[in-house]
1. Please indicate, with yes or no, whether at least one residue in the range 172-184 is assigned by TED's automatic domain parsing to the domain that holds Gly22, open to solvent by 20 Å² or more (accessible area, probe 1.4 Å) and assigned to a helix (DSSP H, G or I).
2. Only one of Leu77, Leu100, Leu70 is in contact (Cβ under 8 Å) with a residue 12 or more places away in the chain, more than 16 Å from the ligand (Cβ to nearest atom), outside any strand (DSSP E or B) and within 30 Å of Thr287 (Cβ to Cβ). Can you tell me which?
3. Out of Val176, Val131, Val164, I need the residue that is under 19 Å from Ile87 (Cβ atoms) and in contact with an Asp or Glu (Cβ under 8 Å, 6 or more places away or on another chain). Which one?
4. Spot the failing condition for Leu130; the list is (1) near the ligand (Cβ under 10 Å from one of its atoms); (2) out of contact with any Lys or Arg (no Cβ under 8 Å at 6 or more places or on another chain); (3) aliphatic (A, V, I, L, M), and only one is missed.
5. Can you tell me which residue among Thr247, Thr323, Thr287 is in contact with a Ser or Thr (Cβ under 8 Å, 6 or more places away or on another chain), part of a helix (DSSP H, G or I), at pLDDT 95 or above and not aliphatic (A, V, I, L, M)?
6. Looking only at the range 1-39, count how many residues are within 20 Å of Val193 (Cα to Cα) and in a strand (DSSP E or B).
7. Can you tell me which condition Phe168 does not meet? The list is (1) within 16 Å of the ligand (Cβ to nearest atom); (2) assigned to a helix (DSSP H, G or I); (3) open to solvent by less than 30 Å² (accessible area, probe 1.4 Å), and all the others hold.
Amino acid sequence: MERVILTGDRPTGKLHLGHYVGSLKSRVQLQEEDNTKVYIMIADQQALTDNADNPEKVQQSLVEVALDYLAVGINPLKSTIFVQSQIPQLPELTMYYLNLVSVARLNRNPTVKSEIQEKGFNESIPAGFLVYPVSQAADITAFKATHVPVGEDQKPMLEQTREVVRDFNRTYRSDVLVEPDIILPPKGQGRLVGIDGKGKMSKSLNNGIYLSDSADMIQKKVMSMYTDPNHIRVDDPGQVEGNVVFTYLDVFDEDKEKVQELKEHYQRGGLGDVKIKRYLNEVLQATLLPIRERREELEQDRGAILEMLKEGSEKAEAVAAQTLKEVKDAMGINYF
Ligand code: TRP
C-alpha cells in the first residue's frame, strides 16, 4: 500500500531549531522511503485566519519558509511543496465539510480554544479562525493523506479530520475520503525548549535560534542560555535537568559519551557555564553552517523559489481537483 504523507507549516516567520528537530529532519527522511508520497504545504491561508491585517508578514514568510525547507534538504523532486492559497479546491471542499461540523464542536477543539486565549480574541473570534480545523481537514483529505506527521498540539486537528471523514463517508454512503493517521515525533523530539528555558521554542516567546541566524547571532544566543541559576561559582555542583545547554547537547551532539562526561563533571562541580556554552556553540555551529550556506546560496534567486512553488502547486491542484470531483459526485452535485 502506498503511503501518502501530508504536512505543513503556517508561514508567520522563519523556521527555527524547534521546527528542525520536531519536523524538518523527519521530512527529509520520509521523502527517501519507498512507496511514500510526500506533500508539504505552506499554509498561508491558515496563517491569514489570525493575520488578516498583516498579509505582508504572511507573504514575506512564504519564501522564507520555502528557503528553510530547501536548505535543510527537502527536495522538490521528491516532495511536492505547494502553497495552500493557490489550490482553490481546498476552500471549496471546506464549504461542504462545514455543513457536517457543529459550531459547538469547533468551540470544543482544545487547540483552537487555547489559541483563542493566547491571541486574546475574547468575543471577536474571526469566523475563519474558528473554522480552520475544517479547512485543515480539507488540506489533508484533498490528497487522501494516509499519514500526517505533526506535533502533539495538532492531535485535536487530526481528530476533527477523522470525524469529518467518517461523517462524510457515512452521510453520502461513499468511501471517497481517507481517514488519516497521525505520526507524532519520537519522544523528546517534539517540543524543543527555547533558549530561556521557559517554554517551547517559539516566535512569540522570542526564545528561538533560527536556521537563518548568523554565526554571531547563534553564539550570542547560546551564551545567553538558561542554565542552572544556583550554579554560581565554577566549583558549585550544577543541575543538568532543566539546564537548556544540556538539553540541546542531548539533542544535537552525536558524541553521547562526551555529553555524559560533561554532565557528570558539571554535577560534581568544577565545570563552568562558559565552558559548556562554548562547547554547545561549536556543536550548533557545525549543525547550522551547511544549512545557512545552502540558504544563502538559494536566496540569491528568489524567482527560482517562486517557480518551484508554482510547479508544486500545479501538481497539487491536479490531485485536489480529482478528489473534489469525487466528493461532488458522492454528494450528487455534479449537475452538468
Ligand atoms: N495547523 C498546522 C500548524 O499550525 C499547519 C497546517 C495546516 C497543517 N494544514 C495542515 C499541518 C495540514 C498538517 C496538515 O502548524
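The values are calculated or read from the model by the stated rules, or taken from the named source; none is laboratory data. Bear in mind that the values here come from a model prediction, so they are computed numbers and not experimental data. Neighbour counts are summed over all protein chains in view; Cβ atoms, including those assigned to glycine, are modelled from backbone coordinates with ideal geometry. Protein only, heavy atoms only, side chains kept; ligands, DNA and RNA dropped before computing areas. Shrake-Rupley method; radii C 1.70, N 1.55, O 1.52, S 1.80 Å.
1. No, there is no match, as no residue in the range 172-184 is assigned by TED's automatic domain parsing to the domain that holds Gly22, open to solvent by 20 Å² or more (accessible area, probe 1.4 Å) and assigned to a helix (DSSP H, G or I).
2. It is Leu70.
3. Answer to the selection: Val176.
4. (1)
5. Exactly one of Thr247, Thr323, Thr287 is in contact with a Ser or Thr (Cβ under 8 Å, 6 or more places away or on another chain), part of a helix (DSSP H, G or I), at pLDDT 95 or above and not aliphatic (A, V, I, L, M), namely Thr323.
6. Final tally of qualifying residues: 2.
7. (1)
Yes or no, residue by residue, for (1) modelled with pLDDT under 95; (2) more than 9 Å from the ligand (Cβ to nearest atom); (3) touching a helix residue (DSSP H, G or I) at 6+ places or on another chain (Cβ under 6 Å):
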| site | (1), (2), (3) |
| --- | --- |
| Gly8 | no, no, no |
| Leu17 | no, yes, no |
| Met41 | no, no, yes |
| Gln45 | no, no, yes |
